[in-house]
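Worksheet: one structure, shown below.
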Amino acid sequence: MKSFENIDVKSVKEAVNLLQKFQQQKKTAAVVGGGSEYLQLMKDHVVEPDYLINLKTIPGLDYIKEERGAFRIGALTKLADIEMHPTIQEKLLILSSAAGEAASPQIRNAGTIAGNLCQRPFCWYFRSANFTCLRKGGQVCYTVTGDSRFHAILGAGPSYIVHPSDTAPALVALGAQIKIAGPAGEKTIPLEKFFLLPSVDYKRENILTAGEIVTEIIVPAPKSGSKGFYHKVRERLAWDHAIVAVATVVESSAGVVSNAHVVMGGVAPIPWRAAKAEEFLRGKKLDEASARQAGEIALEGAKPLKDNSYKVKIAQDLIQRGLLASV
Amino acid sequence: MTPYSVGESGSRTTAFTGPAVVAAAEDVRKQIFNLAASQLKTKAEEIELRNGEVFVKNDPTQKRALSQVVAQAGELIGRATTNPNFPKEMDGKCFSAHFAEVEVDTWTGHVQITRYVAAHDSGTILNRLTAESQIKGGVVQGIGMAFSEELIIDKVTATPINPNYRDAKVPTHLEAPEVEVIFVENYDPYGVFGGKVVGEPPITAAVATIANAIFNATGKRFKELPMTPDKIVRAVQV
């Protein structure tokens, strides 16, 4: 690992200023929360920053509050704390389970919610020092000719990564917003708009630009009668990324859907919202046939690579499972 | 001195190290008998050692505490070298029979082992706790081989693409079922105190047992490892 300097900061403003300063000095710098993700990138020689800005020393960024019909979650809140929080478990079960499905207990005890949303891809070509792939400034995405069993079937090209976060599909399905601090002040945007397709920019996964830091996640309390589920398929039951994950949030009465959100993980470079399936479900009676049809609609336009066509059927089935569990 | 080991394989720690330890202990015992014989003014063949006491076989009233016999001896060092080249007919044969009950989710390709029983002939069991743990550990290694562990090579560049602990996917606690271990004990005349091997047999049996259980559940034969969700989903949906 290349040597670096660690800087403990006391405020978000200090971190933003430092990021700007280092950028002007043509130095590389990155912010870390739990560090479980970023240190691995450094050990793998994917990134080699000159400075690490440690956000953990900022007081008051680790909280879960319920106020005015919304949950506010501080950027430094650990995944384990979200998973175990009694009110989250009671009112946002889908978020508690998605946080609990992430990584391993050890990582969930260190990793933060903001870090989980800002993860870099776990594509084995991206993570290997032996490949200078498109996303690392190279010429090709090795997935196209290589082993694509865990890669994208939707929304991909020219890079075929999948977004690795478990909490992101659940939060997008819940209609969460994300608060970002930067040189120009604070802004709050829908989380759905936070992620970037590779067709827009294949070198980064979200809209954060130099000097910007995630500070808070805001989750509106679900309407009464709505049910949310997070289903995840993987090779190993812990410490493994999703082959396919499906977050469903369904508002219904007497089996008839008034509003449904269906968001997939593990299938696209961003948390993939199945907007057409959501539209189809509105006003439908939810039964085995309509749930299956919603799954089929959600996967319309899927373009599997040579090794990952199996993801299509798993995704369709998981959507069906999630929807049927909601009524 | 234990025979030279070319690496940790062959399930032979007890089979190789054991005889050397036994022979070295016998050497020390012989030294003690010689000491006692001179102290009790008799021959070493006449000496018996039991319950920490050294005595003359024909006259057990002539006795001394073991600690007394060796008090002046300083350090007693037993030495022995054993020969690892067993004659062919001494090749220990160990047997096992494994049983697995699985649930296969045909939608997700996930296989859950709901019950696992491993019966082994490892001769006489020298230490039940460690022997059972060896069997359980072997079964869990077999589970990793059956479901997730694989060296994946990028065929275009001939480069391994999962050379790290994260992507090697060894099983976690969640993959490890409660393994019921049964030892069918017997006495192996060539083994140390009648014992035979325990290390590797549970791995070989586990993989085939799990594949058979999946066949029993789905009617599909898997002939390639690991049996990952992609292969299971493809097979059961044909």
*For residue A:140, list long-range residues whose amide hydrogen, built 1.01 Å from N in the peptide plane, is under 5 Å from its own amide hydrogen.*
A:134
*What list of ³J(HN,Hα) values in whole Hz, one per residue of the range A:125-137 in order, does the Karplus curve 6.51 cos²θ - 1.76 cosθ + 1.60 (θ = phi - 60°) give from phi, with Gly and Pro shown as x?*
6, 4, 7, 8, 5, 7, 10, 9, 7, 3, 5, 9, x
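Per residue, what volume in Å³ does the Cα convex hull of the range B:60-142 take up? Kindly include the intermediate steps, with their values, before the conclusion.
Values: hull volume 21.1 nm³, N = 83.
Normalising the Cα hull of the range B:60-142 by residue number yields 254 Å³.
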*Based on DSSP H runs of at least 4 residues, each adding -39500 (n - 2.57), what is the mean residue ellipticity at 222 nm of chain A after dividing by all its residues, to the nearest 500 deg cm²/dmol?*
-7500 deg cm²/dmol
*the range A:1-73 and the range B:199-230: distance between their alpha carbon centers, rounded to Å*: 46
*Karplus couplings for the range B:190-203 from phi (6.51 cos²θ - 1.76 cosθ + 1.60, θ = phi - 60°), rounded to Hz, Gly and Pro as x?*
8, x, 6, 6, x, x, 10, 6, 10, x, 8, x, x, 6
*asked:* Explain nothing, just compute: Karplus ³J(HN,Hα) = 6.51 cos²θ - 1.76 cosθ + 1.60, θ = phi - 60°, for every residue of the range A:90-99 in order, whole Hz, x for Gly and Pro.
replied: 7, 10, 10, 3, 4, 6, 4, 6, 4, 4
*Quick one: which residues, 5+ away or cross-chain, put their amide H under 5 Å from the amide H of residue B:53? H built at 1.01 Å from N.*
B:66
_Tell me the angle of helix B:18-39 to the major Cα principal axis of chain B, expressed in degrees between 0 and 90 and rounded to the nearest ten._
10
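Within the set A:10/A:179; A:232/A:313; A:232/B:220; B:88/B:196; A:232/A:311; A:26/A:78, which residue pairs have Cα atoms separated by over 21 Å? Write down the numbers at each step before the final one.
On the way: A:10/A:179 19 Å; A:232/A:313 14 Å; A:232/B:220 24 Å; B:88/B:196 15 Å; A:232/A:311 12 Å; A:26/A:78 32 Å.
Violating the 21 Å limit, Cα to Cα: A:232/B:220; A:26/A:78.
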*Given Cα pairs under 8 Å that are at least 6 residues apart, what percent is the relative contact order of the range B:88-193?*
35
_Using amide H atoms built in the peptide plane, which far-off residues or other-chain residues are under 5 Å from residue B:154 H to H?_
B:159, B:161
*Where the Cα atoms of the range A:1-72 are projected onto their three principal axes, how long is each span, largest first, in whole Å?*
45, 26, 17
*At 222 nm, what helix-only mean residue ellipticity would chain B give, in deg cm²/dmol to the nearest 500, using -39500 (n - 2.57) for each DSSP H run of four or more?*
-10000 deg cm²/dmol
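For B:38, B:133, A:36, A:224, which order do you get if you count the other beta carbons within 10 Å of each Cβ and list the fewest first?
With the fewest neighbours first, B:38, B:133, A:36, A:224 line up as A:224, B:38, B:133, A:36.
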*If you keep only loop residues by DSSP, which GluC sites (Glu not before Pro) in the range A:176-243 have at most 14 other Cβ atoms within 10 Å of their Cβ?*
none
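Please sort by residue number the trypsin sites (Lys or Arg not before Pro) in the range A:1-39 whose DSSP state is loop and whose Cβ has at most 14 other Cβ atoms within 10 Å.
Answer in residue order: A:2, A:10, A:26, A:27.
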_If I model a spin label as a point 7 Å beyond the Cα along the Cα-Cβ vector, how far apart are those points for residue B:65 and residue B:225 in nm?_
5.6
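If neighbour count is taken as other Cβ atoms inside 10 Å, put B:130, B:13, A:248 in order from fewest to most.
Values: B:130 11, B:13 15, A:248 33.
The fewest-first ordering by Cβ neighbours comes to B:130, B:13, A:248.
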*Considering only DSSP states other than H, G, I, E and B, which trypsin sites (Lys or Arg not before Pro) in the range A:254-327 qualify as loop sites with at most 13 other Cβ atoms within 10 Å?*
A:282, A:306
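From Cα pairs below 8 angstrom and at least 6 apart in sequence, can you work out the relative contact order of the range A:226-325, rounded to a whole percent?
25
Mind checking the full-extension length gain between residue B:83 and residue B:176? Use 0.36 nm per residue of separation minus the Cα-Cα distance, one decimal, nm.
Working: separation 93, 0.36 × 93 = 33.48 nm, distance 3.83 nm.
Taking residue B:83 through residue B:176 to full extension adds about 29.6 nm, to one decimal.
With loop defined by DSSP as not H, G, I, E or B, and exposure as at most 10 other Cβ atoms within 10 Å, which is the longest segment of chain B clear of exposed GluC sites (Glu not before Pro)?
Working: sites that count: B:8, B:75, B:178, B:224.
Longest site-free region, per DSSP loop and neighbour criteria: B:76-177.
Compute the Rg/Rh shape ratio of the protein assembly as shown: radius of gyration over Kirkwood radius, all on alpha-carbon atoms.
Expressed as Rg/Rh, it is 1.13.
Of all alpha-carbon pairs in chain A, indicate the percentage at a distance above 37 angstrom. Provide the component values of the computation, followed by the final result.
Working: 7708 of 53301 pairs.
I get 14 percent for the Cα pairs in chain A exceeding 37 Å.
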_Ratio Rg/Rh, restricted to the range A:226-325 and using Cα atoms, in which Rh is the Kirkwood radius_ = 0.97
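As a footprinting exposure proxy, order B:187, B:116 by other Cβ within 10 Å, with the fewest listed first.
Values: B:187 11, B:116 25.
Ascending Cβ contact count within 10 Å gives the list B:187, B:116.
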*Could you give the angle, 0 to 90 degrees to the nearest 10, between helix A:12-24's Cα long axis and the longest principal axis of the Cα atoms of chain A?*
60
_Computed over chain A: relative contact order in percent, which uses C-alpha pairs under 8 Å that are six or more apart_ = 17
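Each value in this text was obtained by applying a stated rule to the coordinates, not by laboratory testing. Owing to the predicted nature of the structure, the values given are computational and were not obtained by experimental measurement. With ideal geometry, Cβ positions are generated from the backbone for all residues, glycine too; neighbour counts draw on all protein chains shown.
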